[in-house]
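Written out below as structure tokens is the structure these notes cover.
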Amino acid sequence: METCSEVMAEKPNPGTPSDSSEWLFSFGVIADIQYADLEDGYNFQGSRRRYYRHSLLHLMGAIEEWNKESSMPCCVLQLGDVIDGYNAQYKTSEKSLELVMNTFQMLKVPVHHTWGNHEFYNFSRDYLTNSKLNTKFLEDQIVHHPETVPSENYYAYHFVPFPKFRFILLDAYDLSVLGIDHSSPKYQQCMKILREHNPNTELNSPQGLFETQFVQFNGGFSQEQLNWLNDVLTFSDTNQEKVVIVSHIPIYPEASDAVCLAWNYSDALAVIWSHKCVVCFFAGHTHDGGYSEDPFGVHHVNLEGVIETAPDSQAFGTVHVYSDKMMLKGRGRVPDRIMNYKKEFPF
């Protein structure tokens, strides 16, 4: 496996940026693969086609392209829901996960795996912690800053793919009724939060809700995790780093369907907006994709889901990072985007 610095040595020109712009590094993004060895089906409402088997071929195609790109990505961010919940029903969870993870082995660079609701339909949190979907071993430690070390109570970590750029992977199901023992205090606490906001018998239904994000297939961030995020962002501010945040669930309403937001998305935004270092927030979960730049100059990118991508298309991207911007080069359903950094904080 090549290291980031070996990849950097090639210094290709992946885009056509302005003369003042210097290319620094690149990374790949892909979301909602949701593989299952099943015939095509439809979503929960029966309105959207899902290509369960073909999603693996889409992943293979993405890996093939990343491996031969002139600007080889430093790493790939897998934004969650790597296999579909149907696997649990057919008792094929472990087999399907192994197939997908073996496919990822073909990639020449590291993959950082985020956990989504479909991970928890198939496995318990304890299982995931001991599985290949736990990529916490790829984290970077900030020496002499113990507050930046995440707790074992949630699955989150940070790493530095390139000097002065820090990536933070968040656990959007830290507060959730999925994947945890029903007799545990945390389950009781999360079920109480959910029922307070959602009186429906079917907890996956947003019908009649004032805050439609309070459904069972979503989750949220504990105060403990938000405090940790705040500490890491404080460090990044002090050290003039730029930060990219990764989560399965989006947190910005303008970039997402309201029913797909994290339970306490506004708490996460409050933390992020109190710092100047965050430039981008990547999420999956919505399948349709979405994008918006918030009032604080943070770019919220929700990636289109592989699972609802027809066989003749694609759904992944490579983000080329420059000194003054990020450029997303999308494939198939994923559009290209230019995301400039906030002007008041030049690199």
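Only the coordinates and a few stated rules stand behind these numbers; no lab work does. Note that this is a predicted model, so its numbers are computed, not measured. FYI the Cβ positions are ideal-geometry reconstructions off the backbone, even for glycines, and counts take in every protein chain you see.
Side notes on the structure shown:
- Averaged over residues, the count of other Cβ atoms within 10 Å places the peptides 92-99, 79-86 in the sequence 79-86, 92-99, highest first.
- Overall form of segment 198-318 per C-alpha gyration tensor (a/c, 1.5; a/b vs b/c): oblate
- Selected from Gly297, Val259, Asn87, residue furthest toward positive end of dipole (the chain; charges at beta carbon): Asn87
- Cα gyration tensor, segment 118-207 - rounded (a/c under 1.5), prolate or oblate: prolate
- Of the residues Cys75, Gly116, Met106, the one whose Cα sits farthest toward the positive end of the charge dipole of segment 55-122, with +1 on the Cβ of Lys and Arg and -1 on the Cβ of Asp and Glu, is Met106.
- Measuring nothing but how far apart in sequence close Cα pairs (under 8 Å, 6+ apart) lie, relative to its length, the chain scores a relative contact order of 19 percent.
- The helix-only estimate of mean residue ellipticity at 222 nm for the chain, built from DSSP H runs of length n ≥ 4 each weighted as -39500 (n - 2.57), is -7000 deg cm²/dmol after division by the residue total.
- Leading residue at positive end of dipole, segment 143-285 (Cβ point charges), from Tyr157, Pro206, Phe217: Tyr157
- Considering only Ser21, Ser266, Ser184, the Gaussian network model of the chain with Cα springs below 10 Å gives its largest mean-square fluctuation to Ser184.
- Across segment 182-315, C-alpha contacts under 8 Å between residues 6 or more apart give a mean separation that, scaled by the residue count, equals a relative contact order of 19 percent.
- For the chain, the Kirkwood hydrodynamic radius comes to 20.3 Å, computed from all pairs of different C-alpha atoms.
- Cross-link partners of Lys68 among lysines, defined as those whose alpha carbon lies under 16 angstrom from its own and excluding same-chain residues fewer than eight positions apart: Lys11, Lys108, Lys329.
- The shape of segment 22-148 can be summarised by an equivalent ellipsoid whose semi-axes, obtained from the alpha carbon gyration tensor, come to 27, 20, 13 Å from longest to shortest.
- Computed magnitude of the charge dipole of the chain (debye, nearest 20; Cβ of K, R +1, Cβ of D, E -1): 200
- Rounded Å value of the spacing that divides the Cα centres of segment 214-262 and segment 137-168: 15
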